[in-house]
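Structure record follows, encoded as structure tokens.
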Amino acid sequence: MEGEGGILPRPPLPEIWRDVPPGPVLVVAPHADDEVCGCGGALALHGRRGDPVHLEILTSGETGDPEGRFRPIREVREAEAKRAAAVLGIGEVRFWGLPDNFEITRGDVEAAAERIEARAREIGAAVLYHPWEGEAHGDHHGAALACGKALERLGPGILGLGYEVWSPLPASVILDITPVLEVKRMALEAYVSQLFYTDYLHHILGLNAHRGVFLEGRARWGEAFRVTRSPGGGPS
């Protein structure tokens with residue numbers, strides 16, 4: 001309907017991807033399990049294609065066992081991360097061992113950005129998956145800021161893709177993960193300690209089901225991403 005001021009513009013629809021961009025891939029996860037929750041389907045597609053995938057898990061996750069049922073929790077979560085990585089086809093997992101759920105300073109962000117930039121250059125990363133900056137969890141938000149700084153310094157040639165875990169994002173891309181949904185589910189199931197406290201199978205796969213509303217045909221499951229840097233060299 002055209003009103004007095006003319007036709008109002010519509011918000012842009014997200015782009016639909018049937019496959020992932022080519023690697024090598026660097027993944028930054030604030031905690032062990034965020035990589036599966038946020039972009040596990042994408043990583044399964046990279047793994048299926050044989051792209052080199054390198055995962056950096058920033059924190060120890062020691063506050064992730066409030067009832068003390070999975071001691072020693074740091075070792076438990078690292079073992080779970082390795083099992084999930086094997087399911088997804090991730091070639092390398094590195095653990096930074098930073099404390100989790102603490103107040104993050106500008107100095108912390110700067111130090112993390114330097115390490116992420118160096119790692120991306122070391123592996124020749126073409127894609128960087130990271131939490132998007134609107135994540136409400138402080139560790140996620142700090143990781144997003146560090147990755148943003150790293151992307152600025154890396155310059156053209158790398159694609160930045162922000163993923164969602166706790167806070168749904170305004171999607172610029174919906175990736176069809178229907179063919180690998182069961183792989184993502186199995187990777188999530190590797191995180192026994194975290195599923196005890198939070199039903200990620202319900203919450204995260206429910207979010208993926210909702211994202212499938214943009215897909216056509218028999219595709220039912222999607223992951224949403226925010227393009228934070230395009231290979232052309234600027235933020236998108």
Practice item. Please list the non-local residues whose amide H lies under 5 Å from the amide H of LEU98, H modeled 1.01 Å from N, same-chain partners needing a gap of 5 or more. Key: THR59, SER60
Revision key, fill the gap. Fewest-first ordering of HIS141, HIS203, HIS31 by Cβ atoms within 10 Å yields HIS203, HIS141, HIS31
Review point. Which shape class, rounded, prolate or oblate, goes with segment 143-236 when its Cα gyration tensor gives a ≥ b ≥ c as root eigenvalues, a/c under 1.5 marks rounded, and past that a/b bigger than b/c marks prolate?
Key: oblate
Exercise for review: Please state the charge dipole magnitude for segment 1-103, taken about the Cα centre, from unit charges on C-beta atoms (+1 on K and R, -1 on D and E), reported in debye and rounded to the nearest 20.
Suggested key: 480 debye
Review point. Out of MET186, ALA143, GLY38, whose Cα points farthest toward the positive end of the dipole of the chain (charges: +1 Lys, Arg; -1 Asp, Glu; placed on Cβ)?
Key: MET186
Review point. In nm, to one decimal, how far is the modelled label at THR63 from the one at VAL213, with both set 7 Å along Cα→Cβ?
Key: 3.3 nm
Practice item. Evaluate the charge dipole of segment 18-228 about its Cα centre and quote only its size in Debye, nearest 20, assuming +1 on the Cβ of each Lys and Arg and -1 on the Cβ of each Asp and Glu. Key: 580 debye
Revision key, fill the gap. Taking Cα pairs closer than 8 Å and at least 6 residues apart, the relative contact order of the chain in percent is 25 percent
Review point. Which trypsin sites (Lys or Arg not before Pro) does segment 65-116 hold that lie in a coil by DSSP with at most 16 other beta carbons within 10 Å?
Key: ARG69
Check your understanding: Which FRET efficiency value, to the nearest 0.05, do you get for GLU182 and GLU92 by plugging their Cβ-Cβ distance into 1/(1 + (r/R0)^6) with R0 = 25 Å?
Key -> 0.55
Revision key, fill the gap. The exposure ranking of LEU154, LEU161, fewest beta-carbon neighbours within 10 Å first, is LEU154, LEU161
Revision key, fill the gap. Whole-Å distance linking the alpha carbon centroid of segment 4-38 with that of segment 86-123 is 21 Å
Practice item. Report the calculated FRET efficiency for HIS203 and ARG71 (r = Cβ-Cβ distance, R0 = 22 Å), to the nearest 0.05. Key: 0.30
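Once the piece of chain linking ARG48 and ASN101 is laid out straight, how much longer is it, given 0.36 nm per residue of separation minus the C-alpha distance between them?
On the way: separation 53, 0.36 × 53 = 19.08 nm, distance 3.36 nm.
Extending this stretch completely gives an extra 15.7 nm.
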**Study point:** Per DSSP, loop chymotrypsin sites (Phe, Trp or Tyr not before Pro) in segment 119-183 with at most 16 further Cβ within 10 Å
**Key:** TRP166
Point to revise | Table column - 3J(HN,Hα) (Hz), segment 97-102, Karplus curve with 6.51, -1.76, 1.60, x for Gly and Pro | key: x, 6, x, 10, 6, 10
Check your understanding: Within the chain, what is the longest stretch that has no GluC sites (Glu not before Pro) placed in a DSSP loop and near at most 13 other beta-carbon atoms within 10 Å?
Key -> 104-215
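Just for the chain, what percent of DSSP beta bridges are antiparallel, to the closest 5?
30 percent
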Check your understanding: How big is segment 18-228 on each of its three principal axes, counting only the C-alpha atoms and giving the largest first in Å?
Key -> 46, 44, 29
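Read the figures in this text as sums done on the coordinates, not as results from a lab. This is a predicted model, so every value here is computed, not measured. Cβ sites come from the backbone with ideal geometry, for glycine too, and all protein chains shown count toward neighbours.
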